[in-house]
Every structure is written in C-alpha cells, then in structure tokens.
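**Q** This is the structure I have questions about; it appears just below.
The values are calculated or read from the model by the stated rules, or taken from the named source; none is laboratory data. Please read these numbers as outputs of a predicted model, since none were measured by experiment. Neighbour counts run over all protein chains shown; Cβ positions are idealised from the backbone, glycine included. Just the protein is used for accessible areas: all its heavy atoms, side chains included, with ligands, DNA and RNA removed. Shrake-Rupley method; radii C 1.70, N 1.55, O 1.52, S 1.80 Å.
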Amino acid sequence: MATTVEAPPPTRDRPRPSPRRTESWRRRGAITLFTAPFFVLFAGVIVAPLGYALYLSLFSEKSSGLGFGGKETVFVGLSNYLDTLADRAFTDGFLVVAGYCLIYIPLMIGGALALALLLDSGLARLSRFFQLALFMPHVVPGVIAGLIWLYLYTPGISPIIDLLGDVDFLGASNVLGSVVNIALWEWIGYNMIIYFAALQAIPREVIEAATIDGAGAFRTAISVKLPLIRAAVITTVLFTIIGSLQLFTEPMVLDNPSDGVVSTWTPNMYAYTEAFAKNDYGQAAASSLILAGLAAALSFFVTRWGNRTR
C-alpha cells in the first residue's frame, strides 16, 4: 500500500521590520551607548552622595543613660534642618558670603570683560603672552594660591607690607578684601579666556559694519560686542554665584593666621566644622543640603533672567 506524503501547510512569511524602524533602533542604541557612561557617573558622583546626605540629615547620634551610656543613632526628621537654620553661626555665614558677592562678582565680571575687550581690540601688544600670563594663576591649586598670598599678607616677611606700610591684611576689617583679592587672582584669567573666545567668534563683518557706520572702539565694544556675548556673560555670572556660595578654600587657609576668619566663617566652613570637628554628620549633611538648595534656586533664577534678557 503506497503511502502519501502530505505537503506541509503553507507558512506565512514574517513581516520584516521596515528600514525606518531599523534605523530608529540603531539610533536609540547609539544614543544609549554614548550617554550611558554619563548617567552612570552622574548617578555615582551626584545622585548617590545627595541621597546619602539626605539620609544622614534625618538622623542624629544621641547619648543614652544620662550621657553615661553609648551613643545611638536615632531618627530626628527635620530637626537637624531646624537646628541649622536657628544657629547664628550658620546664618551669619551667609552675610559674609553676601558681602563677598557684592565685592567679588562686579570686580570679577567687569575686570574679565575689560581685559577680554582690550585683547580683542588689538590695542594690546603681545596679546598671546598676556592671555597666557593672565590664565596661569588659574592653573595654581586654590590651597597653593592661598599659601602664596598668606606669605604676602604676613607682616615681617611680606615685601608688599614693607612697601605699603603697616597694613593689616589679615585683620577683621580687611580680611574679606584679602579673600576677594585671592579669588580674583585665581579666576579673572579663566573668565577672561571665556569672554575672549566668545569675542573671537563674532563675525568680523559685524565689526567692520559698525566701524563703517562711524562707531568708535568704545562704542563698538559696548553696543555691538557685549550684546553678542551675552550668553557667555550670563554663564560666567551663574558659575561665579555658585562658586561664591561654596567659598571655602581661601578663608580656610587664612583661618589660623587671621583674627577675622573663624571656623564657621562661611556656610561651607560651618558644614566642615560640624562634620570633622564636632563629628555631627547629621547637622553637617543638613547644612550642606540647605546650601545646595539655595545654589539650585539661584541658578534657576539667574537662568530665567538670562533667558528673558535675550
């Protein structure tokens, strides 16, 4: 008896993905591949420390047994934040930072702009040399810069004091200006380079048109160049404000020699003292997060202001 082999049932071809969908998958894969390292670093360097600081700020170490027992970590909620805001040492630090900003930011932005416009105008000879000379202090670490100026501020060994006479740069009435001077020496060349690069990106045709219309060098700088580098100016203002809130290195170097600088002179120094001098990590974390929140709020308002003025 002959057997018959049945033919397999007809199969339907699976629809192949369209070229557009394949290209979309490739783009998403490439984007994920190139952005994954950033998000990993962001999570490890920013998100994780902030989360851990938030956790620490909700706890505090309390002594049991009327102080005779060991310490135990207890949940205190927002108590650390309230204690920090009620501490005059912390709030007075913001007054110091406010005074620092009133002096430092106008001198920094105005000085860097003036130097960048001078170098861009072509009036200054050896502009390459001056760019390098003005930028070099930024290469010096902040601690080393503070030690250099501490030597120049110290009576008996400073040649500056011998020339200017009996000037107490480390006294309570002058130490804020001394700190501002160190910060200017470190950062004015950095901001000048940013402004100079932005000025170099301005089309030369725009400058030539202003010159043909009869605008002089000063009028061209104020009415033409400055509006065209507004974005760079706003960016540096934002970074300068954030850096001013984080003022730490320069006053920390001057802490012991100066009569005007104390361990809680700025909010950052307050957090450092709470953590490493008093071992109160909950209070230190709370003060750090308050400072971070203030910096984020100021960044938001400066960015909004910059977008409105464009």
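**Q** If you roll a 1.4 angstrom probe over the protein chains with everything in place, what fraction of the accessible area of segment 135-188 belongs to carbon and sulfur, to the nearest %?
**A** Roughly 72 percent, rounded to a whole number.
**Q** Separate question: Taking every Cα atom in segment 22-181, find the radius of gyration and the maximum pairwise distance Dmax, and write them in Å.
**A** 25.6, 77
**Q** Would segment 148-294 count as rounded, prolate or oblate if I go by the C-alpha gyration tensor, calling it rounded below 1.5 in a/c and otherwise prolate when a/b exceeds b/c, oblate otherwise?
**A** Oblate is the answer for segment 148-294, as a/c is 1.5 or above yet b/c matches or exceeds a/b.
**Q** Also, quick follow-up: At 0.36 nm per residue, and after removing the present C-alpha to C-alpha distance, how many nm does the segment from PHE38 to SER173 gain when stretched out fully?
**A** Here the answer is 44.1 nm.
**Q** Simple spin-label model, 7 Å along Cα-to-Cβ: ALA86 to GLU23 in nm?
**A** Placing both labels 7 Å beyond Cα along the Cβ direction yields 6.5 nm.
**Q** On to the next question. So what are the three principal axis dimensions of the chain from its Cα atoms, in whole Å, longest to shortest?
**A** Ordered largest first, the chain gives principal extents of 126, 85, 35 Å.
**Q** Applying a 10 Å radius around every beta-carbon, put 180-189, 127-136 in order of their mean neighbour count, most first.
**A** 180-189, 127-136
**Q** Classify segment 108-220 from the C-alpha gyration tensor, please: rounded if a/c falls under 1.5, else prolate or oblate depending on whether a/b exceeds b/c.
**A** Verdict is prolate for segment 108-220.
**Q** Kindly identify segment 86-150 as rounded, prolate or oblate by the Cα gyration tensor criterion: order the square roots of the eigenvalues as a ≥ b ≥ c, call it rounded if a/c is under 1.5, otherwise compare a/b with b/c, prolate if a/b is larger, else oblate.
**A** oblate
**Q** Helix by helix, which DSSP H runs in the chain go 18 Å or more along their axis at the Cα atoms and have an average Kyte-Doolittle hydropathy of 1.6 or more?
**A** 230-245
**Q** Compute the relative contact order of segment 161-294 as a whole-number percentage, counting only Cα pairs closer than 8 Å that sit 6 or more residues apart in sequence. Before the final figure, lay out the partial values.
**A** Values: 85 pairs, mean separation 32.4, N = 134.
The normalised contact order for segment 161-294 reaches 24 percent.
**Q** Under 29 Å from the Cα of LYS62, which lysines turn up, not counting those fewer than eight places away in the same chain?
**A** LYS71, LYS278
**Q** Taking only protein heavy atoms and a 1.4 Å probe, what accessible area per residue, in Å², does segment 60-179 have with all protein chains in place?
**A** Result: 60 Å² of accessible area for each residue.
**Q** What relative contact order, as a whole-number percentage, does segment 76-224 give when Cα pairs under 8 Å and 6 or more residues apart are counted?
**A** 31
**Q** Give me the net charge of MET269's neighbourhood, meaning all other residues with Cβ under 11 Å from the Cβ of MET269; Lys, Arg count +1, Asp, Glu -1.
**A** Net of charged neighbours comes to -3.
**Q** Also: Taking only Cα atoms and a 10 Å spring cutoff, compute GNM fluctuations for the chain and point out the largest among PRO37, PRO155, PRO49.
**A** Result: PRO37 has the largest fluctuation of those listed.
**Q** Would you mind working out the accessible area per residue for segment 202-310, using a 1.4 Å probe, and quoting it in Å²?
**A** Numbers: 5710 Å² over 109 residues.
Per-residue value: 52 Å².
**Q** Moving on. For the pair ILE157/THR303, report the inter-label distance in nm, with labels modelled 7 Å from Cα in the Cβ direction.
**A** 4.5
**Q** For the chain, set up a GNM with springs between Cα atoms under 10 Å and report which of GLY111, GLY216, GLY146 has the largest fluctuation.
**A** Highest fluctuation of the listed residues: GLY216.
**Q** Packing-wise, with mean Cβ within 10 Å as the measure, how do 41-47, 256-262, 278-284, 157-163 rank, highest first?
**A** So the peptides 41-47, 256-262, 278-284, 157-163, ranked by packing, come out 278-284, 256-262, 157-163, 41-47.
**Q** Among SER244, SER299, SER173, which one shows the biggest mean-square fluctuation in a GNM of the chain, springs joining Cα atoms closer than 10 Å?
**A** SER173
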